[in-house]
1. From the list 130, 107, pick out the single residue that is touching a Phe, Trp or Tyr at 6+ places or on another chain (Cβ under 7 Å) and among the hydrophobic types (A, V, I, L, M, F, W, C).
2. Among the residues of the stretch 93-123, how many are within 12 Å of the ligand (Cβ to nearest atom), surrounded by fewer than 24 Cβ atoms within 10 Å (Cβ to Cβ) and part of a helix (DSSP H, G or I)?
3. Can you name every residue in the stretch 65-97 that is under 16 Å from the mean Cα position of the chain (by Cα) and more than 21 Å from residue 256 (Cα to Cα)?
4. Identify the single condition in (1) surrounded by 15 or more Cβ atoms within 10 Å (Cβ to Cβ); (2) within 18 Å of residue 142 (Cα to Cα) that residue 51 does not satisfy, given that it satisfies every other one.
5. Report, by residue number, each residue of the stretch 205-233 that is in contact (Cβ under 8 Å) with a residue 60 or more places away in the chain and in a loop (DSSP other than H, G, I, E, B).
6. Out of (1) surrounded by 14 or more Cβ atoms within 10 Å (Cβ to Cβ); (2) on the phi < 0 side of the Ramachandran plot; (3) not acidic (Asp, Glu), what's the single condition that is false for residue 214?
7. If you check 80, 50, 72, which single one turns out to be among the basic types (Lys, Arg), out of contact with any strand residue (DSSP E or B) (no Cβ under 6 Å at 6 or more places or on another chain) and without any contact (Cβ under 8 Å) to a residue 12 or more places away in the chain?
8. Just wondering, is there one or more residues in the stretch 239-262 that are at pLDDT 95 or above and closer than 18 Å to residue 123 by Cα?
Amino acid sequence: MLNDKPVLIKITHSDPELLKRLAWFQQQPGCNETIIRSGDGDLPDLTITRQGVFLTNGAKQLPFHPSMALIRLMHLLNGRSDRYLEATQLKAGDTLIDATLGLGTEALLGAWAVGDKGSVLALEQSPILAAFVQDGLNHFTEIVPDARNNYKQAAWDALERASRRIEVRWGEHCESLKRIPSRSAHVVYFDPMFRHTCKQSDSIVPLHRWSDHNPLHHEAVLEACRIARNRVVLKERKDSPEFQRLGFNILPGGRYSTVDYGVILV
Ligand SMILES: C[S@@+](CC[C@H](N)C(=O)[O-])C[C@H]1O[C@@H](n2cnc3c(N)ncnc32)[C@H](O)[C@@H]1O
């Protein structure tokens, strides 16, 4: 159903740069049904403007912004830990497959952890999210960070470098995983939409409209175990029966958190 709807893209000016960006969107596999509206009428899904590309969420227009990744990386650079990185145990030079890209927060943190010699392949079922995030990563240097201090600047620069290590691939992850050779990535990560949602921050609200809400398939986990050299990691709501259903061992920690991380060591 996600892939059946045409993506409506509006472009605000016919500048060569904006037309080039539009052409890029039209070439994205899941977006090839793009319908362009330059005037009023139907609310566009994406708007390409001189200030960047915006995703429509109700009355709001949201730009790609690594806001949560920035906050989490600032904490890390400040000596604090991050449960996602503890769960994945990513190291410099590792290869990560993020099977549920979403808005790319954890793909960016993973790309930071694996460093210059590592890489991240990010899979996303929603064509509009895959294209929106890849475009945001391609144009990362054009995003203007707000007020800066030394920590923020260091985190921003590190994320800018990390953004170049992520390759986004549109498609259903089980189908994509089947085509990936055995033992070819260190970690495979799943963060599916929760079976029951908790209260969410504004930054991830757009995920609800555009994302695939189906439960994670056992087959995808089996494929991930075949591909991973070190571990397969699942993020889910605290006490979710999904961990047991899919064979993950819940890691301790996060006493006050609404989520848990589960691991299968391979
Ligand atoms: C909770 S979000 C992931 C958030 C992400 N970790 C982040 O940091 O932004 C889950 C994403 O996985 C995608 N997804 C769900 N099932 C999928 C599947 N079978 N194949 C590929 N992507 C899938 C959804 O469309 C959604 O964008």
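1. On the way: 107 fails: touching a Phe, Trp or Tyr at 6+ places or on another chain (Cβ under 7 Å).
Selected residue: 130, the only one of 130, 107 that is touching a Phe, Trp or Tyr at 6+ places or on another chain (Cβ under 7 Å) and among the hydrophobic types (A, V, I, L, M, F, W, C).
2. 1
3. Correct list: 65, 66, 67, 70, 95, 96, 97.
4. Among (1) surrounded by 15 or more Cβ atoms within 10 Å (Cβ to Cβ); (2) within 18 Å of residue 142 (Cα to Cα), residue 51 violates only (1).
5. Result: 211, 212.
6. With respect to (1) surrounded by 14 or more Cβ atoms within 10 Å (Cβ to Cβ); (2) on the phi < 0 side of the Ramachandran plot; (3) not acidic (Asp, Glu), residue 214 is out only on (1).
7. Values: 50 fails: without any contact (Cβ under 8 Å) to a residue 12 or more places away in the chain; 72 fails: without any contact (Cβ under 8 Å) to a residue 12 or more places away in the chain.
80 is the lone residue from the list that is among the basic types (Lys, Arg), out of contact with any strand residue (DSSP E or B) (no Cβ under 6 Å at 6 or more places or on another chain) and without any contact (Cβ under 8 Å) to a residue 12 or more places away in the chain.
8. no
The values are calculated or read from the model by the stated rules, or taken from the named source; none is laboratory data. Note that the coordinates shown come from a computational prediction; the quantities given were computed from them, not determined experimentally. Reconstructed Cβ throughout: ideal geometry from the backbone, glycine too, with neighbour counts over all protein chains shown.
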